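This report concerns only the one structure given below.
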Amino acid sequence: MRIAVFSAKPYDRTFITRANSGERHALSFLEARLTVDTAPLANGFDAVCAFVNDCLDAAVLEQLHSGGTRLVALRSAGFNHVDLAAAERLGITVVRVPAYSPHAVAEHAVALVLSLNRMTYRAYNRVRDGNFALDGLLGFDLHGKTVGVIGTGHIGLIFADIMHGFGCRIVASDPFPNPQAKPLVEYVPLETLYAQADIISLHCPLKPETHHLIDAEAIAKMKDGVMIINTGRGRVVDTQAVIAGLKSCKIGRLGLDVYEEEEQLFFEDLSQGVIDDDQFMRLTTFHNVLITGHQAFFTAEALTNIAETTLANIDAFESGNGTIHRVVSAK
């Protein structure tokens, strides 16, 4: 099959090319993000391979369909950026990577916890400037603290297991409790989690009911000085509400690997320009906020799994044999 790979970075070329053993598919790597303006670049391609910040709304899908695209292969687990109803109407099959390396994301969430707690990012810059003062770097023992995990799928469960190893008490909230989590966590209502947790980590999917789950009302129910970590979906967090929480000191530490308006920011080098997202820039002014650019998934193991599963999906679609991880709209 002829495949147009959008939002392709050098590492995408490396891992996807490696997974395309025998050059069984014709790959064209495009640096451009998939939008209504760039969709014509896929004319004549059987399949489009897209990433999390590519746009796959009805207008884009209409253009892809008119250009002959029959398959959208997502190299991600999330699919909230795809208009699935439009894809089904147009006869475009959508596939995804349901799991790649949950350890990668869970471990990055723990890295944010540790870095924020002990302010290692501030200490690093201080030492480079010859400043060895400890004022402003005070942390706390993780042992004995209560950690709230919202979403106990593969990633949330691994995060809970790691934090349990630090001697933390784990409380969790999930509409579908994971039987494997029961030895590690105590399932509680969301309001109880908010009230008890010293650290809250988000591992839930983005759905209508989780959009802005962390809003002003939720933050008001949390402990003073709570640490919030989000390595899940950016729009689960209401940015304006967390800024207000930071200003009031209700939120003591905030770690983000995702951001609700990240599409125009992440995965690009914008260091030579002006970032005109006022909310994002406001977040960067807080010394107790640590933001990484959607890199939690970024390990060699995860990229290998993503590439191999993506190519396997394409193989199965073309041949009609093998496992295909299809995504369909909710009826």
Separation of the Met1 and Asp269 label points, Cα + 7 Å toward Cβ, nm: 3.3
Estimated FRET transfer efficiency when R0 is 35 angstrom, pair Leu134-Glu186 (beta carbons, to 0.05): 0.50
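Under unit Cβ charges (Lys, Arg +1; Asp, Glu -1), what dipole magnitude, rounded to 20 debye, does segment 4-98 have relative to its Cα centre?
Values: 9 positive and 10 negative charges, 75 e Å.
With Lys and Arg at +1 and Asp and Glu at -1, about 360 debye.
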Lys, Arg +1 and Asp, Glu -1 on Cβ, resulting dipole of segment 144-223 about Cα centre, debye, nearest 20: 180
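At a 10 angstrom cut-off on C-beta neighbours, averaged per residue, how do the peptides 198-207, 316-325 rank from highest to lowest? Walk me through the numbers on the way to the answer.
Numbers: 198-207: 21.8, 316-325: 13.1.
Going by the mean number of other Cβ atoms within 10 Å, highest first, we get 198-207, 316-325.
Percent of accessible area on the chain owned by carbon and sulfur, 1.4 Å probe? Intermediate results must be reported in sequence, preceding the final value.
Working: 8240 of 15550 Å².
On the chain, the fraction of accessible area on carbon and sulfur atoms equals 53 percent.
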Residue-level accessible surface for Glu209, protein heavy atoms, 1.4 Å, Å²: 130
For Thr35, solvent-accessible area (1.4 Å; no DNA, RNA or ligand), Å²: 30
Positive-end residue of Pro205, Tyr187, Ser248, charge dipole of segment 179-331 with Cβ unit charges: Tyr187
Positive-end residue of Leu116, Asn178, Thr146, charge dipole of segment 63-203 with Cβ unit charges: Leu116
Sequence-separation-based contact order of segment 134-178, relative, with Cα cut under 8 Å and 6+ spacing, percent: 47
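Ranked highest first by average number of other Cβ atoms within 10 Å, how do 39-51, 62-74 line up?
Values: 39-51: 21.6, 62-74: 20.1.
Highest mean packing first, the order is 39-51, 62-74.
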Within segment 209-331: Cβ-based charge dipole about Cα centre, in debye rounded to nearest 20 (Lys, Arg +1; Asp, Glu -1): 640
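In square angstrom, what is the accessible area per residue of segment 121-190 with a 1.4 angstrom probe? Don't jump to the answer; show the numbers that get you there.
Details: 4080 Å² over 70 residues.
Averaged over the residues of segment 121-190, the accessible area is 58 Å².
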Which listed pairs, of Lys182/Lys250; Lys145/Lys182; Lys145/Lys247; Lys221/Lys247; Lys182/Lys221, have C-alpha distances above 27 Å, in listed order: Lys182/Lys250
Cα pair distances in segment 187-331, grouped into 10 Å bins until the bin that holds the longest one, percent each: 10, 33, 29, 19, 8, 1
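Rank by packing, highest mean first: peptides 241-247, 119-125, 269-275, 15-21, with packing defined as the count of other Cβ atoms within 10 Å averaged across residues.
Numbers: 241-247: 18.6, 119-125: 14.4, 269-275: 7.7, 15-21: 16.9.
The most tightly packed comes first, giving 241-247, 15-21, 119-125, 269-275.
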Positive-pole candidate from Ile155, Thr309, Asn125, dipole of the chain, charges at beta carbon: Ile155
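On a full-extension model of 0.36 nm per residue, what is the gain between His103 and Phe286, subtracting their alpha-carbon distance, rounded to one decimal in nm? Walk me through the numbers on the way to the answer.
Working: separation 183, 0.36 × 183 = 65.88 nm, distance 2.87 nm.
My answer for the length gained is 63.0 nm.
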Computed label-point distance, nm, for sites His212 and Ala26 using a 7 Å Cα→Cβ extension: 4.7
Distance in nm between pseudo-label sites at Asn80 and Glu301 (7 Å out along the Cβ direction from Cα): 2.6
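Report relative contact order for the chain in percent, whole number only (criteria: Cα-Cα under 8 Å, sequence separation at least 6).
Details: 614 pairs, mean separation 56.2, N = 331.
That works out to 17 percent.
In what order, largest first, do Met1, Met222 sit by accessible area if the probe radius is 1.4 Å? Before the final figure, lay out each step's value.
Details: Met1 25, Met222 5 Å².
Putting Met1, Met222 in descending order of accessible area: Met1, Met222.
The values are calculated or read from the model by the stated rules, or taken from the named source; none is laboratory data. What you see is a predicted model; the values in this text were computed from it and never measured. Note that each Cβ is placed from the backbone with ideal geometry, even for glycine, and that neighbours are counted across all protein chains shown. Quick note on the areas: whole protein, heavy atoms, side chains included, nothing else; ligands and nucleic acids left out. Shrake-Rupley method; radii C 1.70, N 1.55, O 1.52, S 1.80 Å.
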